[in-house]
Structure formats: C-alpha cells, structure tokens
Amino acid sequence: MDVMVHSVKFERNINRYKICYVSTYKAELGDMDMEQSGLKKDRIFWIDIAKGILIFIVFWGHIETTGDTISTAIFSMHMPAFFVLSGYTFKYIDNFKKFLSRKAETLLFPYFFFCIIGACIHLLYGRYELFGTEMLRQLLVTVQPDYLYSGGGWFLIALFWANIYMYIWVKYFEQFDLAFKLILAFIIYYIASNILYINSFMNIERIPLKIDSSFMAFFFMLVGFYLNKNNAIQKISNHKLIYAVIFGLAYVPLMKANGWCNVANCVYNNYIFYFVESVGGTLLIILLSMSIEERKRFGGGGVKFYQV
C-alpha cells in the first residue's frame, strides 16, 4: 500500500511540475550558454552539469514530504543555487529596451505560454468551474498557478524581476566602493529575508507577481555575479576537497537547525543560517559539478549527459 501511495504521489507531482521545471529552468539557464557574463566565449561545462543536477533534485524535492530531512536539505539550497548560476552568467547590455525585450522573451513568454496550455487542458475536459477568482489569485498574486499545472512558473517571474534589479545595480551602483555595496547588499538581504513581516505590516498576504520572492532571487544573483567577477570559483577549485569539507560542515548542521525553507513562499527562518547554508550548499553543487567535468565520469559523453 505504501508503495502505491508513493507512486501516486510521484505521478501527481511529476504531472504538476514536469512542464514547469524543465521548461522553466531551460528557458533561462539554457540561455546562459550564449551569455557567459560577456567574459568568456567558451562554454562553461560545469554549469551544464550543475543545472542538470539541480533539475534532478528539484523533481526529487517535490516528491518528498514537506519538512522531512531530504526535502529540507533540497529546499535549503536548490533555488538559491539556480539564482547564483543566473547571476554568475548575467550579461549587462547597455540598452535597457533590448535587455528587457530579451528577458521578456526568455522568461515571461514561457510562463504565460504554459499557463495557456494548462487552461486549454481544462477547457478540453470541460472543467469550467476552475476558472474563477482563485485561479486569478494563483496567476497574478502568488504566481503559482497549480490549477494550470504551472506552479513552478513562479521561478520565471521572480527571475525576471531579479534581472531588472541586476541591470539597475550594474548600471548605477557597480561603480561605488566595496563598503557601500556590501552594506546595500546586506540591506537587500535583510529586507528579503523578513519580507513576510513587511507584508503583514502592510496587511497583505503577498506582494503580487512574486515581487517579494524576487528580492531574495536578486540577492543570490548578486552572489553569483561577484563570484564570477572575482574569479572565486576558479580559486576554490584548486582545493576542492578542502573547500568541500568546509562547505559541508557549514551546510549540514545549519540546514538541520534552520528547518524547511522555501523561496517561493518567502520562508527563510533564521536569515544568518539561511545565508550560510544556501551559499554552502550551492558551492558544494558547483564543486561536485567541476569534479564530474574533470573526471568525465561517463566517458566522452559524460558532460553531455547533464546538458538539459
């Protein structure tokens, strides 16, 4: 009986997320290959491997019971890792109209496209009762339209806003000194990690269009952006084992202590713990991806195995 229940749960979650997550992450993360932060023209294969691993654990995380150890471990870092990779490959274009058009094409269009497909499925089966205020709430307020089989599409909307913030940051704030940028980044993170309190103060459930989640997405994009700019990944890659132990020691106990977190719902618990566990978990994924690339574990096609 347990096997049957788990199988039904697995099937339900796969049907719910398979459109969203594969299409969602491929839409933006696949676009990384063409951008590569404008610093390198060569493809960065460990990013392909990292996003393959992350897409796999996204599926895994959504078939586990919310709050159990595996779910907690996955949710503590999988979304921050996606945003860090997006920031790592962020490319500034000194033409806002062109930049906005490209992000709308790669992020907004897929979201609404798959929502329309979900709506067509309901219309095909005559489920007209689902078209009401709750669907509009999911579509525009929480931006997790589970009724349209596109609950994972929130990532696209949050990432769209985060890219806009990144554009503003690079254009207007990048020239300031380090101390100012660190203080500003901390303020952004503090606001993002306490956004539910701000929402309650304003007497609203959520800020519409996933703007509240986008603040945390923006912060982790900043982390990725400066990891790239300061060549930090290459520096730690020379001592992978040592840093893997350090990041693991930081990630595991804090993840257990901080409990289940979720960027989509703006649940972060202790903001200091969340920062350390998220960055530590992300760097563990990156180091693992770099090790797989170097060893070519799957032979000549090893890297291609992870290119989603």
When the Cα centres of the stretch 236-288 and the stretch 205-221 are compared, how far apart do they sit, in Å? 20
How much net charge surrounds LEU100 when only the other residues with a Cβ under 14 Å from the Cβ of LEU100 are counted, with Lys and Arg +1 and Asp and Glu -1? +4
For HIS62, HIS122, what ranking results if the residue with the fewest other Cβ atoms within 10 Å of its Cβ goes first? HIS122, HIS62
I need the calculated FRET efficiency for the pair LEU124 and ASN203, taking r as the beta carbon distance and R₀ as 45 Å, to the nearest 0.05. 0.70
Rounded if a/c under 1.5, otherwise prolate or oblate - the stretch 117-214, Cα gyration tensor axes: prolate
On a 22 Å Cα-Cα criterion, which of the cross-link pairs LYS181/LYS240; LYS98/LYS235; LYS91/LYS229; LYS97/LYS229 come out too long? LYS181/LYS240; LYS98/LYS235; LYS97/LYS229
Per the C-alpha gyration tensor (a ≥ b ≥ c, the square roots of its eigenvalues), the stretch 99-169 is rounded if a/c is under 1.5, else prolate if a/b beats b/c, else oblate; here it's prolate
Rounded Å value of the spacing that divides the Cα centres of the stretch 48-94 and the stretch 159-203: 21
Sort 107-119, 240-252 for me by packing, meaning the mean count of neighbouring Cβ atoms within 10 Å per residue, highest on top. 107-119, 240-252
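Quick note: the coordinates plus some simple rules give every number you see, no bench work behind them. Every value quoted in this text rests on a predicted model; they were computed, and no experiment measured them. Positions of Cβ are backbone-derived with ideal geometry, glycine not excepted, and every protein chain shown enters the neighbour counts.
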